[in-house]
Ligand code: UD2
């Protein structure tokens, strides 16, 4: 019987070691990238992060459908000053190549800036009352969205996004965000456990969520989906807000609290990662590869009607 020479054994072992090193470094690198973020909810809805979608492929699916995307934004009182940047950056990054209809709600129609819109994009200004309480302005958005969908948007758009005005777009926000009911994870709470979420905790409110319930803390600055699904959401939240008001209770974070209660019972079909709702004062974290939409730093005392 002939034995293999020791140096041949050494060469073979070396080759295996090298292959093993290449294999593990390649896969562990991929594994690290994949485990950075969770890309699916427990009820199997996608959570949209950079790297989880192919923008060209998704656009190729949605563009031939000739869709119109409504975008509502409130600019009441001094918040009208945020409109210019909001609209100019939306024209650069938001649903580019799609028909977009902006609905600007304001008590100061003459202060709405004139911004050049690309072809297929329109803007309507809708006058709404002002208020001397920011809580009321924020909370009444549900009612106004509900009634405007009934009167106008229903016949003009397929999807809708309701966004905060004191924000700017910084990068691509496209058809990967479309879905039946779409919510965004609030950037301040995506790393927290649910007992830390600022849900409404008083059982007397219709927005109440017990400490041992809850999926995510969703931001009130973005709600999206099919027009009819957002309509139902707005109507239910408005009704519950009014029911609370009748019992002299205002949820901790107004419509955001009602939104969180609604989404606990009616799970979103798509969840957007905090890439789609960041805050300029917050340092970028390693999970967030791209900031697409972010709230600007504002002096609350300066822009709100009350403190
Ligand atoms: C948070 C939420 C916001 C809302 C609020 C609770 C995020 C990042 N933001 O933001 O969506 O749920 O808490 O009520 O999730 N507005 C006016 N004029 C005013 C006041 C408000 O037009 O005088 C509108 C405007 O579109 C603004 C929005 O209401 O973007 C929300 O108000 P905010 O930005 O002052 O609320 P904020 O920053 O506490």
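Just so you know, all these numbers are worked out from the coordinates, no wet-lab data involved. What you are looking at is a predicted structure, and each value in this text was computed from that prediction instead of being measured.
Apply the a/c threshold of 1.5 to the C-alpha gyration tensor of the stretch 40-303 and tell me whether it is rounded, prolate or oblate. Before the final figure, lay out each step's value.
On the way: a/c = 1.39, a/b = 1.11, b/c = 1.26.
Rounded shape, in that the Cα axes give a/c under 1.5.
Where is the GNM fluctuation largest for the chain (alpha-carbon springs, 10 angstrom cutoff): 185, 15, 137?
Taking springs between Cα atoms under 10 Å, the residue moving most is 15.
Per the helix-only calculation at 222 nm, which mean residue ellipticity applies to the chain, given -39500 (n - 2.57) for every DSSP H run of n ≥ 4 and division by its residues, nearest 500 deg cm²/dmol? Each step should come with its number before you reach the end.
On the way: 8 runs with 102 residues, N = 307.
Result for the chain: -10500 deg cm²/dmol, rounded to the nearest 500.
Mind checking which of 36, 164, 280 has the largest fluctuation in a GNM of the chain, springs on alpha carbons under 10 Å?
36
For the stretch 85-226, what proportion of DSSP beta bridges, expressed in % and rounded to the nearest 5, is antiparallel?
50
So for the chain: antiparallel DSSP bridges make up what percent, rounded to the nearest 5? Display every interim value, and only then the final one.
Details: 13 of 41 bridges.
If I count the DSSP bridges inside the chain, around 30 percent turn out antiparallel.
With the Cα gyration tensor of the stretch 70-194 giving a ≥ b ≥ c as the square roots of its eigenvalues, does the rule (a/c under 1.5 for rounded; else a/b larger than b/c for prolate; else oblate) give rounded, prolate or oblate?
Numbers: a/c = 1.30, a/b = 1.05, b/c = 1.24.
The shape class here is rounded.
With springs only between Cα atoms under 10 Å apart, run a GNM on the chain and tell me which of 268, 210, 42 wobbles the most.
Looking only at 268, 210, 42, the largest GNM fluctuation is found for 42.
Need the C-alpha centroid separation for the stretch 72-95 versus the stretch 254-307, integer Å.
About 16 Å separates the Cα centre of the stretch 72-95 from the one of the stretch 254-307.
Label the stretch 153-307 by shape, choosing from rounded, prolate and oblate, from the square roots a ≥ b ≥ c of the eigenvalues of the Cα gyration tensor; if a/c is under 1.5 it is rounded, and otherwise prolate applies when a/b is larger than b/c, oblate when it is not.
Values: a/c = 1.40, a/b = 1.19, b/c = 1.19.
In terms of gyration-tensor shape, rounded.
Give the relative contact order (percent, whole number) for the stretch 153-307; include only Cα pairs under 8 Å separated by 6+ residues.
On the way: 254 pairs, mean separation 51.7, N = 155.
Relative contact order for the stretch 153-307 comes out at 33 percent.
Could you tell me how far the Cα centroid of the stretch 224-245 sits from the Cα centroid of the stretch 107-167, in Å?
Here the two parts' Cα centres lie 16 Å apart.
What percent does the relative contact order of the chain come to when contacts are Cα pairs within less than 8 Å and at least six residues apart?
Details: 523 pairs, mean separation 66.6, N = 307.
After rounding, I find 22 percent.
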